[in-house]
Amino acid sequence: MGETLVYKILSRHLVDGKIAVGEQIGIRIDQTLTQDATGTTAFLLFESMGAGRVKTELSVSYIDHNIAGFGPWNHNDHLYLQTVAAKSGVYHSRAGNGICHQVHLEKFGRPGTTLLGSDSHTPTCGAIATLAIGAGGLDVAIAMAKGPFYLTCPKVLGVKLAGELNGWVAAKDVILKLLSILTTKGNVNWVVEYFGQGVSTLSVPQRATITNMGAELGVTTSIFGSDEQTRKFLTARKREKDYQPLAADADAEYERIIEINLAELQPMAACPSSPDNIRAIAEIAGVQTGQIVIGSCTNSSFADLMMVAKVLKGREINNMVEFAVAPGSREVLNMLAENGALADIISAGGRILESGCGPCIGQGLSPADGVVSLRTFNRKFAGRSGTIGDQVYLVSPETAVASALTGRITDPRNLPEIFGLKYPKIESPDEFIINDNMIEEPLSEEEAAKVEVLRGPTIVVPEAASPLPQGLQGEVLIKCEDKITTDHIMPAGAFLKLRSNVPEYAKVVFNCFNEQGKPTFAERALDLKKKAIAGIIIAGQSYGQGSSREHAALCPMYLGVRAVIAKSIERIHKANLINFCIVPIEFTGQADYDRIKPGDQLQIDNLLESIKSSDEVKIIDKTGKYEFTGRLELSDRDRQILLSAGLLNYTRKKKK
């Protein structure tokens with residue numbers, strides 16, 4: 001039996017365990033990326049390990065999230081990251097150079113390598129056959145110090161593509177179709193591998209849209225093979241030497257195969273407020289929209305924005321639509337400026353935003369109350385835009401620009417009839433304008449030794465976790481429903497500036513559930529902590545989906561949370577909980593979840609023994625006067641980390 005592409009790359013990088021579904025394996029990481037919203041904590045943890053210079057083939061620190069700079073917080077972070085990168089032998093991409101995933105795809109990604117990033121959309125580089133995985137910042141710090149990255153050996157889902165996309169139907173519609181089939185939950189420890197005749201018809205930027213938004217499925221990563229399209233992409237960026245052909249064996253077997261005929265797809269949208277609430281544009285056409293934003297790491301490539309410019313040339317945006325475009329990288333922005341496409345967008349009434357994450361993470365352009373906002377982004381959980389009760393739809397650039405012209409959700413296939421427009425198929429240029437003067441290369445060891453790392457007063461070193469007790473006395477602080485995201489746990493938007501200061505950021509844990517006039521989650525948790533009572537979180541299915549932000553574990557740890565009991569927990573968040581010594585426990589039945597209430601006093605006797613050698617843990621609800629059993633789905637390494645009081649302490653012990 002032949003190998004899948006995923007297993008080929010895993011096998012070449014295996015340093016611990018064996019390639020068998022469900023087994024925990026450790027793999028060598030070739031490249032890492034961090035961004036400023038997660039990178040400050042990652043580098044503070046890296047420094048605390050005393051690792052010195054990074055040991056990877058290549059590591060890059062990007063500034064792309066908090067770049068607006070309201071107050072000193074963001075710039076303090078940027079200066080710290082710039083100087084610690086220089087000290088540590090890391091490439092540094094300055095603010096304005098572009099979104100980490102798009103820039104890494106353009107500049108550094110290579111077929112056949114492994115990439116670990118402290119951002120959930122790191123799988124973007126799967127478009128060029130990189131095994132690219134999102135993780136918490138502490139896992140990335142360990143990788144930078146040459147430690148293996150541990151994961152559950154995944155099942156591989158084969159998505160067989162046939163046919164070719166019709167005009168006005170986009171790569172975004174491919175991943176929206178897959179989300180309609182798989183949804184956002186139940187896909188933990190799977191990898192999506194695309195193959196079939198239809199793959200050759202998709203350019204690398206189109207593939208990147210698909211692998212990027214594959215993160216919303218909850219899978220470990222997504223990947224395409226490396227073929228002629230890959231070679232063409234790398235050659236245009238003067239990186240042909242990085243090309244190598246890679247594909248699954250012809251007789252490779254997949255755990256499951258889903259077939260999608262590209263020619264049968266139609267324009268679709270993810271409707272409020274989950275990425276898997278999918279409907280055809282034809283079904284929702286006519287809904288009035290007052291804001292449209294094209295950009296993010298999902299849809300801001302040169303080809304995407306050239307298509308938008310061609311459609312807008314000589315036309316005007318509807319006067320009731322706020323329309324903005326954020327090129328994904330400075331390279332794209334520069335090329336649009338050189339060829340006149342930028343002028344076409346501006347003349348039509350478009351606003352040009354900086355090359356960064358911006359509105360996707362609630363950093364500006366929040367829609368007005370009651371206004372429908374169309375965005376070409378990958379994620380739009382309720383309130384993520386910065387507006388409570390927002391109505392955000394995720395669509396392709398084709399649908400977005402069509403709707404910008406009409407002021408209503410419009411099927412772009414109707415543009416020929418409305419405006420006499422033919423679909424402007426954009427060919428990728430043979431050569432891109434390359435300008436890397438905003439990427440600082442690593443210094444030599446001699447030069448790096450002279451660098452002073454700048455640590456502003458808003459940057460606070462996170463405290464380490466304390467050991468777990470033998471017997472846990474706890475109280476249920478909150479009971480959540482299904483699909484609680486890391487945005488629910490740790491709000492983004494205006495609060496992102498606090499990420500370098502855990503005591504301050506922890507004040508807004510579960511801020512969306514706080515009630516005016518009542519003690520906040522943080523206040524109640526700290527009150528319990530002072531009484532030596534552990535905080536416990538109760539949750540439903542897919543707890544912790546969405547962003548990789550480790551603060552969703554780090555801040556609750558700071559507040560004294562020691563356990564999460566949920567129906568299921570998503571991959572990255574579960575790893576982060578373990579890394580910061582919060583015990584992840586799963587309910588064995590619906591009835592146990594239903595019975596438990598906020599404020600219940602829970603007791604877990606022999607916790608350490610259970611973690612050490614059992615797959616179950618007995619939990620006594622002292623308030624309800626009943627006992628139930630929770631599952632401990634932990635690898636041997638997970639158990640050792642929890643018993644060592646977290647990954648940082650575990651790593652220090654291993655070094656001795």
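Some values worked out for this structure:
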{"quantity": "Residue match in region 395-406 (condition: assigned to a loop (DSSP other than H, G, I, E, B), on the phi < 0 side of the Ramachandran plot and out of contact with any Asp or Glu (no Cβ under 8 Å at 6 or more places or on another chain))", "calculated": "yes"}
{"quantity": "Matching residues in region 81-115 - criterion: being more than 21 Å from L333 (Cβ to Cβ) and either assigned by TED's automatic domain parsing to the domain that holds R499 or touching a Ser or Thr at 6+ places or on another chain (Cβ under 6 Å) (or both)", "calculated": "L81, A85, V90, P111, T113, L115"}
{"quantity": "Some residue of region 385-394 being within 18 Å of the chain's Cα centre (by Cα), closer than 30 Å to C512 by Cβ and aromatic (F, W, Y)", "calculated": "no"}
{"quantity": "N378 being of a type in the set (S, T, N, Q), assigned to a helix (DSSP H, G or I) and not assigned by TED's automatic domain parsing to the domain that holds L496", "calculated": "no"}
{"quantity": "Any hit, region 569-579, residues being acidic (D, E), in the same structural domain as E609 (by TED's automatic domain parsing) and surrounded by fewer than 22 Cβ atoms within 10 Å (Cβ to Cβ)", "calculated": "no"}
{"quantity": "Complete set of residues in region 217-229 that are over 12 Å from V192 (Cα atoms), in contact with a strand residue (DSSP E or B) (Cβ under 9 Å, 6 or more places away or on another chain) and either in the same structural domain as C297 (by TED's automatic domain parsing) or not small (G, A, S) (or both)", "calculated": "D227"}
{"quantity": "Which numbered condition I258 fails, given (1) more than 25 Å from K483 (Cα to Cα); (2) over 20 Å from the mean Cα position of the chain (by Cα); (3) not in a helix (DSSP H, G or I)", "calculated": "(1)"}
{"quantity": "Candidates A132, A171, A95, A162 - the one that is over 22 Å from N189 (Cβ atoms), buried (at least 24 other Cβ atoms within 10 Å of the Cβ), modelled with pLDDT of 95 or more and among the hydrophobic types (A, V, I, L, M, F, W, C)", "calculated": "A171"}
{"quantity": "Residue list for region 443-459, restricted to those being of a type in the set (A, V, I, L, M, F, W, C), assigned to a loop (DSSP other than H, G, I, E, B) and surrounded by 15 or more Cβ atoms within 10 Å (Cβ to Cβ)", "calculated": "L443, V451, V453, I459"}
{"quantity": "For Q541: the one exception among (1) over 23 Å from T122 (Cβ atoms); (2) out of contact with any Lys or Arg (no Cβ under 7 Å at 6 or more places or on another chain); (3) assigned to a loop (DSSP other than H, G, I, E, B)", "calculated": "(2)"}
{"quantity": "Any hit, region 221-241, residues being surrounded by fewer than 24 Cβ atoms within 10 Å (Cβ to Cβ), touching a Ser or Thr at 6+ places or on another chain (Cβ under 8 Å), among the hydroxyl-bearing types (S, T, Y) and over 30 Å from I569 (Cβ atoms)", "calculated": "no"}
{"quantity": "Which listed residue is more than 17 Å from the chain's Cα centre (by Cα), at pLDDT 95 or above and crowded, with 24+ Cβ neighbours inside 10 Å, from A532, A525, A552, A506", "calculated": "A525"}
{"quantity": "Residue in region 600-619 that is surrounded by the most Cβ atoms within 10 Å (Cβ to Cβ), counting only those that are under 18 Å from V561 (Cβ atoms) and touching a Ser or Thr at 6+ places or on another chain (Cβ under 9 Å)", "calculated": "I604"}
{"quantity": "Residue match in region 13-28 (condition: surrounded by 21 or more Cβ atoms within 10 Å (Cβ to Cβ) and either assigned to a loop (DSSP other than H, G, I, E, B) or out of contact with any helix residue (DSSP H, G or I) (no Cβ under 9 Å at 6 or more places or on another chain) (or both))", "calculated": "no"}
{"quantity": "Filter result for the condition that a residue is in contact (Cβ under 8 Å) with a residue 40 or more places away in the chain, of a type in the set (S, T, N, Q), surrounded by fewer than 23 Cβ atoms within 10 Å (Cβ to Cβ) and in contact with a Leu (Cβ under 9 Å, 6 or more places away or on another chain), over N318, N378, N334", "calculated": "N318"}
{"quantity": "Qualifying strands (runs of 3 or more DSSP E) (wholly inside region 100-156; at least 1 residues being closer than 25 Å to A171 by Cβ)", "calculated": "114-117, 131-134"}
{"quantity": "Subset of region 473-488 [in contact with a Lys or Arg (Cβ under 8 Å, 6 or more places away or on another chain), outside any strand (DSSP E or B) and within 27 Å of I604 (Cβ to Cβ)]", "calculated": "D482, K483, T486"}
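Residue by residue, here is whether (1) modelled with pLDDT of 95 or more; (2) surrounded by fewer than 18 Cβ atoms within 10 Å (Cβ to Cβ); (3) farther than 29 Å from E283 by Cβ holds:
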| position | (1), (2), (3) |
| --- | --- |
| L342 | yes, no, yes |
| I352 | yes, yes, yes |
| G356 | no, no, yes |
| D369 | yes, yes, no |
| V372 | yes, no, no |
| R384 | no, no, no |
| Q391 | yes, no, no |
| V401 | yes, no, no |
| E441 | yes, yes, yes |
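The values are calculated or read from the model by the stated rules, or taken from the named source; none is laboratory data. The structure presented is a predicted model; accordingly, all values stated were derived computationally and were not measured. Every residue, glycine as well, gets a Cβ built from its backbone with ideal geometry; the counts of neighbours run over all protein chains shown.
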